[in-house]
Amino acid sequence: MTWREKIHEVIYEADTTAGKAFDVGLFIIIVISLVLVVLDSVEYISLQYRSLFFTLEWIITIFFTIEYILRIISIKNPKSYIFSFYGIVDFLSTIPLYVSLIFVGSGALLSLKALRLLRVFRVFKLARYSGAGSFVSVAVKKSIPKILIFLYSVIIIAFVAGTIMYLIEGPESGYTSIPIGIYWTIVTLTTVGFGDIHPVTPLGQFVATLIMLLGYGVIAVPTGIVTAEMAKENFKNNTQVCFNCGENEHRDNAEFCHNCGYSLNKSEKENKEIGDGN
């Protein structure tokens with residue numbers, strides 16, 4: 001294998017000893033980084049350990065920078081990674097400390113504080129190292145059309161019920177407009193129940209009771225849709241990432257990338273020879 005393929009195997013794969021060690025190490029560093037973000041938001045802790053946090057954050061940022069660069073140079077088509085979800089997450093979670101060196105001065109402190117919160121995007125990096133996370137992700141993607149249809153039905157119910165409550169209760173009970181009635185219906189359907197608005201008439205309370213009962217079904221339906229899709233998924237995604245296009249969702253035991261046809265088990269040189277032979 002070429003040096004790029006060796007780096008690719010370590011960084012993008014998890015079925016080798018080096019790949020597993022890299023993933024475990026990166027996982028630990030991400031968790032430490034998230035802990036630092038949380039502790040840094042507590043004022044008295046931040047003041048007491050500011051220098052330690054600053055040093056650790058620089059070490060972690062440099063590590064993430066090296067990882068980001070290696071991911072770019074170890075793949076044949078860098079754009080496939082740079083503009084992917086994880087590529088954007090990696091970039092956003094790496095730049096805050098560097099940007100803070102550019103924008104200095106009291107006027108930029110508020111913006112810098114908000115920028116530093118971008119480090120919380122590192123939590124999305126954790127999903128990369130969880131096979132179960134990929135399994136759930138596939139199920140959710142396949143559930144989206146059904147969930148959208150369900151949400152459409154919920155919006156219709158909220159609109160109708162909000163209008164009815166506006167007519168029944170009226171401004172004297174706090175239902176000053178149809179949008180306020182819709183807001184109350186959504187809050188009631190989701191069983192949040194802020195209590196800022198509530199029906200006072202017997203008929204309004206009866207309608208509210210029906211909406212509350214309906215709310216339990218509203219919570220259960222999306223969960224059932226996703227669970228049904230998860231039950232259909234009887235395959236496992238392997239850990240192989242295509243060296244050619246960066247595709248990372250392959251069936252277990254797949255030999256070729258379903259996106260570009262590149263062999264997952266052969267080197268760049270062998271793939272090129274196969275292509276020339278065809």
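Among residues that are in a helix (DSSP H, G or I), surrounded by 11 or more Cβ atoms within 10 Å (Cβ to Cβ), touching a Ser or Thr at 6+ places or on another chain (Cβ under 7 Å) and at pLDDT below 80, Ile225 is included.
Suppose we filter Ile164, Ile157 for residues that are over 33 Å from the mean Cα position of the chain (by Cα), under 21 Å from Leu213 (Cβ atoms), surrounded by fewer than 20 Cβ atoms within 10 Å (Cβ to Cβ) and of a type in the set (A, V, I, L, M); which single one remains? It is Ile164. Applying the condition of being in contact with a helix residue (DSSP H, G or I) (Cβ under 8 Å, 6 or more places away or on another chain) and not in a helix (DSSP H, G or I) to region 145-175 and asking which residue is farthest from Pro222 (Cα to Cα) yields Gly174. Name the residues in region 175-197 that are under 12 Å from Met165 (Cβ atoms) and either surrounded by fewer than 16 Cβ atoms within 10 Å (Cβ to Cβ) or not assigned by TED's automatic domain parsing to the domain that holds Ile149 (or both), would you? Thr176, Ser177, Ile178, Pro179, listed by residue number.
Applying the condition of being among the β-branched types (Val, Ile, Thr) and surrounded by fewer than 13 Cβ atoms within 10 Å (Cβ to Cβ) to region 33-58 and asking which residue is farthest from the chain's Cα centre (by Cα) yields Thr55.
Let's see how each residue does on (1) over 16 Å from Cys242 (Cβ atoms); (2) not charged (D, E, K, R):
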position: Leu26; (1), (2): yes, yes
position: Glu43; (1), (2): yes, no
position: Leu47; (1), (2): yes, yes
position: Arg50; (1), (2): yes, no
position: Leu56; (1), (2): yes, yes
position: Phe63; (1), (2): yes, yes
position: Ile69; (1), (2): yes, yes
position: Lys79; (1), (2): no, no
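The values are calculated or read from the model by the stated rules, or taken from the named source; none is laboratory data. Source: prediction; values computed, not measured. So basically every Cβ, Gly included, is an ideal-geometry build from the backbone, and we count neighbours across all protein chains shown.
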